[in-house]
Amino acid sequence: MLIKVRRGWELPEAAATSESVFVNRRTVLQSLGLGAIAASLPGVHAARADAIAYPFAKNEKYTVDRLITSEEINTTYNNFYEFGSQKTISKAAQKLTTKPWTVTFDGLVEKPITIDAEALLAQMPREERVYRHRCVEAWSMVVPWSGFALADMVKFAKPLGSAKYVRFETFSRPDEAPGMRQFWYPWPYIEGVTMAEAMNELGFMVTGAYGKTLAKSMGAPLRLHLPWKYGFKSIKSIVKVSFTEERPKTFWEAIQSSEYGFWANVNPQVPHLRWSQATERVLGSDERVPTKLFNGYAEYVADLYKDLAKERLWA
Ligand code: MTE
């Protein structure tokens, strides 16, 4: 795969961060300007006046001993089948309308809620976390995500004690997303985790990256990132979060369950049916590096699986 991009991996993490801070000072000033206009037009621009300012404070607990992948690579080398099955969907994804955007919480909850994505973000403790991102196709990136803990969103939704799983659903808009007209895929994109996984501290709801609002190609305005699992678990552009007793049937499981299971935890010793998972291609470099168990996050998540040996935890 030929990727014509600036050699962003040569930037140390500190340089990448200061660049994003610089960019965002500008964004903040712009949003202040918009705020002033909004004040004179009550109602019309109210949502903008309240827009959340990036960057969010960096949580130093979640850093990575690798260089951050360049923003250019991350926004232009994507898996987002709603816009096509190639990596080059970033232009097509610009058609997605992300404002307004609501998220519905339903199923086994005290009371179903539908809330604007920005209003949800405003209620959450916000932070930046640098995570490894490992695709089942054996490429990887390092991404400075902005957002809030999945566990905090679960608490916000007030699930009942009977909830065993969290099911996530992406938008259904074939008019904006041409890939959805490929009727042989089981749309909409669905993903799911157990309640225990959802309450683990690593699960992250992403609203931004590189210190600014999330690019459409990366799953704006709200996506999941589960850094210890293969990337296909990290569902993009979420419109619905349901709490269920039944294990959700996921998009990739419905397509090919022998290759893409429910758990999909990263394990270098368990090959995909058609290729090895022992190493990964670091996007933006010529390097191949050894893949780590749970993508390097075993200390946080290994305990989740200690009583689940009978499950197919790895692929
Ligand atoms: N979410 C939706 N809705 N549609 C998709 O096609 N692809 C998944 C995941 N989330 C996908 C999705 C896969 S296979 C991967 S590897 C990651 O998104 C890719 O995220 P990235 O493009 O931001 O790197």
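What to note about this one:
- For the range 110-198, trypsin sites (Lys or Arg not before Pro) are listed when DSSP marks them as loop and at most 15 other Cβ atoms sit within 10 Å of their Cβ; the list is K164.
- Where GluC sites (Glu not before Pro) fall in DSSP loop in the range 270-311, at most 15 other Cβ within 10 Å: E287, E311
- Calculated FRET value between Q256 and D303, using beta carbons and R₀ = 41 Å, to 0.05: 0.90
- As a rough guide to protection, the peptides 236-242, 304-310, 60-66 ranked by mean Cβ packing within 10 Å, highest first, stand as 236-242, 60-66, 304-310.
- Looking at the range 262-293, the trypsin sites (Lys or Arg not before Pro) that sit in a DSSP loop and have at most 11 other Cβ atoms within 10 Å of their own Cβ are R274.
- If you sort the three axes of the alpha carbon gyration tensor as a ≥ b ≥ c, you get a/c under 1.5 for the range 54-305, which makes it rounded.
- I115/D286 FRET efficiency (R0 51 Å; Cβ-Cβ; nearest 0.05): 0.70
Coordinate-derived values only; no laboratory data. Bear in mind that the values here come from a model prediction, so they are computed numbers and not experimental data. Note that we place each Cβ from the backbone using ideal geometry, even for glycine, and neighbour counts take in every protein chain shown.
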